[in-house]
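K.L.:
Here it is, the structure, as structure tokens.
The values are calculated or read from the model by the stated rules, or taken from the named source; none is laboratory data. Computed from a predicted structure; not experimentally measured. Note: ideal-geometry Cβ built from the backbone for every residue, glycine included; neighbour counts use all protein chains shown. Protein only, heavy atoms only, side chains kept; ligands, DNA and RNA dropped before computing areas. Shrake-Rupley method; radii C 1.70, N 1.55, O 1.52, S 1.80 Å.
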Amino acid sequence: MSPVLKSRPRVMGIVNVTPDSFSDGGRFLDPAAALDQALRLVEAGADILDIGGESTRPGATPVSAAEEIARVVPLIAAIRAASDVAISIDTMKPAVARAAVAAGATIWNDVAALRFTPDAPEVAAELGCEVVLMHMLGQPGTMQDDPRYDDVVAEVEAFLLARALTAMAAGVAREKIWLDPGIGFGKTPAHNLALLAALPRLVALGYPILLGASRKRFIAAIDPLGAEADARLGGSIAAHLHGAAAGVAAVRVHDVRETAQALAVWGAIGEA
Ligand code: HH2
């Protein structure tokens with residue numbers, strides 16, 4: 001067996017129940033279409049489904065907690081009734097996380113890393129679910145306006161460790177915490193590449209790392225032929241295989257079947 005083989009990352013399939021997500025917005029607003037898509041992703045090899053009811057894309061329309069709950073909770077309940085796949089809720093709002101966990105989600109994926117609402121760390125502790133703490137520079141609406149760092153890797157690492165400490169101080173168990181460098185969230189293509197290159201360093205922090213590079217814009221900056229979001233599959237797979245080699249715990253992707261196949265081949269070569 002290859003000495004560098006790490007266990008294969010889990011595949012988190014994205015289901016956005018939003019009118020405006022950057023690559024699949026509007027496709028799964030109808031509850032039946034969303035459930036169909038979710039179950040297709042499970043068949044295609046998803047270990048986890050990440051359900052989102054509010055886009056974090058710059059320029060996306062903010063959504064009330066009630067509207068977000070109305071979008072995601074019926075879908076989570078329907079998935080829970082049909083499958084035992086793990087479900088994560090992609091939300092910045094404690095009220096939405098609470099409703100999602102009550103409906104069957106076991107992971108709170110918070111791109112705000114429990115920062116945007118004062119009681120978010122306490123709610124995460126009370127819910128007892130796993131929590132993904134992601135790095136974002138600034139706010140979703142403005143995060144891509146000239147992002148700057150002195151040392152992007154050191155700053156993202158320090159941020160993530162500080163957020164983990166805040167979560168633990170509020171009562172979240174250490175083993176429930178995942179970290180995510182937040183590819184594309186207040187980052188230039190060069191920042192994203194530096195963070196991808198530094199994944200082994202982030203993995204060495206000792207928390208499970210989630211990597212979300214799927215169809216993101218830095219891919220088009222490298223390959224102008226992949227300008228459209230749905231023409232970035234090759235670049236997405238390259239980034240996620242690199243993450244697998246670095247030892248990330250999970251990859252968050254739109255293209256579950258293709259990613260699962262790439263990871264299976266990568267894993268089989270490692271075991272040959
Ligand atoms: N990326 C997006 C949304 N949520 N969560 C984590 N933990 N990591 C990510 O990299 C991440 C995330 C953006 O992608 P998408 O859901 O496709 O788009 P939108 O935010 O427009 O709904």
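K.L.:
Keeping the other protein chains in place, figure out the carbon and sulfur percent of the accessible area of the chain, with a 1.4 Å probe.
P.N.:
Answer for the chain is 57 percent, counting heavy atoms of protein chains only.
K.L.:
For a quick check: with amide H placed at 1.01 Å from N, whose amide H comes under 5 Å from residue 87's, ignoring anything fewer than 5 positions away on the same chain?
P.N.:
49, 106, 107
K.L.:
Here is a further query. Which order do 61, 91, 56 take by accessible area at a 1.4 Å probe, largest first?
P.N.:
Highest to lowest solvent-accessible surface, that is 61, 56, 91.
K.L.:
Under a 1.4 Å probe, what is the accessible area of the chain per residue, stated in Å²?
P.N.:
Counting only protein heavy atoms, the per-residue value for the chain is 41 Å².
K.L.:
To the nearest whole percent, what portion of all C-alpha pairs in the range 26-103 is separated by more than 16 angstrom?
P.N.:
Roughly 47 percent, rounded to a whole number.
K.L.:
If R₀ is 25 angstrom, what is the calculated FRET efficiency for the pair residue 146 and residue 242, using the beta carbon separation as r and rounding to 0.05?
P.N.:
Step by step, r from the Cβ atoms, then E = 0.40.
K.L.:
From the Cα trace of the range 147-272, what convex hull volume per residue do you get, rounded to a whole Å³?
P.N.:
Value for the range 147-272: 114 Å³ per residue.
K.L.:
Let me ask something else about it. Consider just the alpha-carbon atoms of the range 59-132 and return their Rg together with their Dmax, both in angstrom.
P.N.:
Cα-based Rg and Dmax for the range 59-132 come out at 11.8, 35 Å.
K.L.:
The chain: percent of C-alpha pairs farther apart than 27 Å?
P.N.:
33
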